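Okay, structure first, notes after.
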Amino acid sequence: MERIKMPKNLRNNITLVSETCDKHHKPIQKMMFEGEPVCPICMKEQWDLELTAKVNAEIQANKQNAAYNILFDKSILEDNTLLNARVHNFLSHGQEEAVNKQKVQLAIKRYQDGEVFNLILQGNPGAGKSHLAYSTLFELNETHKFSCLFISVGSMLRKIRASFKDKESKYTEEYFNRLLSDVDFLVLDDIGAETGAITSDKTATDFVQRVLYDIANARQGKPTILTTNLDGKTLFNMYDSKLVSRLMRNPEVVIFKESKDKRITTLF
Ligand SMILES: Nc1ncnc2c1ncn2[C@@H]1O[C@H](COP(=O)(O)OP(=O)(O)OP(=O)(O)O)[C@@H](O)[C@H]1O
Ligand SMILES: [Mg+2]
Ligand SMILES: [Zn+2]
């Protein structure tokens with residue numbers, strides 16, 4: 001084993017004693033350290049362990065921090081008022097809102113307990129679907145530092161389309177594919193709206209089908225939260241059944257039928 005050489009000036013101040021190290025099983029020149037004979041090799045090993053533990057803890061903390069920041073750094077929202085959406089500031093003006101808020105609170109609890117299922121918030125415009133979807137991510141991010149991402153489907157598809165022409169754009173199909181596949185919790189906001197009129201029997205283009213299918217496929221086994229104005233039947237008509245069946249697998253569905261449009265209440 002290699003001897004640890006000590007600088008001359010230090011050597012003069014340290015008493016060395018010949019003893020056998022129990023661990024290294026050989027006579028060794030121990031250093032008197034705080035009144036105790038210490039094996040320099042043991043000491044170095046101990047320091048190495050402590051350093052490795054410290055570096056690992058820092059790497060772990062950085063990873064957690066990066067995961068925590070995804071929601072704020074990478075989300076794509078069409079409506080910035082949603083940044084302030086929380087479960088506690090979702091007001092229940094009527095019975096439906098009270099029941100739906102409770103359903104979402106229960107879903108959050110189940111997610112925190114590690115259950116995997118998709119959550120579908122479906123119903124009329126301005127009812128609070130995106131509000132509750134963002135609130136769910138905010139809660140999971142705060143309590144468990146899960147990586148969470150809120151994506152407005154229409155904006156994402158527009159960015160991907162733009163990247164076909166703009167070769168400098170980072171918002172490529174691959175970028176979104178990886179980002180949306182990797183996060184613990186994903187909101188696909190306003191799915192179905194990208195094809196235009198909300199009650200149309202239009203089918204999504206091959207491009208839209210492909211982008212959404214790849215994400216849905218990669219996310220099997222991870223929870224995805226969807227908001228949409230469309231009912232199940234319309235979604236099935238619009239998208240490939242393999243895509244819808246992946247998104248709709250074992251879902252918890254929260255339906256808004258009576259809730260007022262909060263965007264326009266100020267007009268009345
Ligand atoms: N019950 C509520 N309490 C407080 N604010 C609400 C409530 N419902 C909705 N809002 C607010 O009203 C605005 C519109 O709500 P939201 O975006 O959630 O509607 P939406 O159901 O997603 O509509 P759309 O289908 O058009 O996307 C948001 O700013 C949201 O924070
Ligand atoms: Mg919405
Ligand atoms: Zn030793």
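Just so you know, all these numbers are worked out from the coordinates, no wet-lab data involved. Keep in mind the model is a prediction, meaning the values are calculated, not measured. Because the Cβ atoms are built from the backbone with ideal geometry, glycine has one as well, and the counts that use them run over all protein chains shown.
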Asp113 to Lys242: FRET efficiency via 1/(1 + (r/R0)^6), r the Cβ-Cβ distance, R0 30 Å, to the nearest 0.05?
0.50
I'd like the orientation of helix 40-74 relative to the chain: the angle between its Cα long axis and the longest Cα principal axis, in ° from 0 to 90, rounded to 10.
10
Fewest-first ranking of Met43, Met31, Met156, using other Cβ atoms within 10 Å as the exposure measure:
Met43, Met31, Met156
Charge dipole (the chain, unit charges on Cβ, about Cα centre) - positive-most of Leu188, Leu106, Ala127:
Leu188
Here the FRET efficiency for Asp166 versus Asn65, based on Cβ atoms and R0 = 41 Å and rounded to 0.05, is 0.85
In nm, the gap between the two label points placed 7 Å beyond Cα toward Cβ at Glu45 and Val99 is 6.7
By how many degrees, between 0 and 90 and to the nearest 10, does the Cα long axis of helix 153-165 differ from the longest principal axis of the chain?
80
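With +1 on each Lys and Arg Cβ and -1 on each Asp and Glu Cβ, and nothing else charged, work out how big the dipole of the chain is about its Cα centre, in Debye to the nearest 20.
Values: 37 positive and 35 negative charges, 83 e Å.
Its charge dipole is roughly 400 debye.
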With the crude spin-label approximation of a point 7 Å out along Cα→Cβ, what separation in nm comes out for Val87 versus Glu19?
5.8
Segment 229-244 residues near the modelled Thr205 label - backbone nitrogen below 17 Å, point 7 Å along Cα→Cβ
238-240
If exposed means GluC sites (Glu not before Pro) lying in a DSSP loop and surrounded by at most 10 other beta carbons within 10 Å, then the longest stretch of the chain lacking such sites spans residues 35-167
For Phe150, residues with placed amide H under 5 Å, excluding near neighbours
Ser75, Ile76, Val187
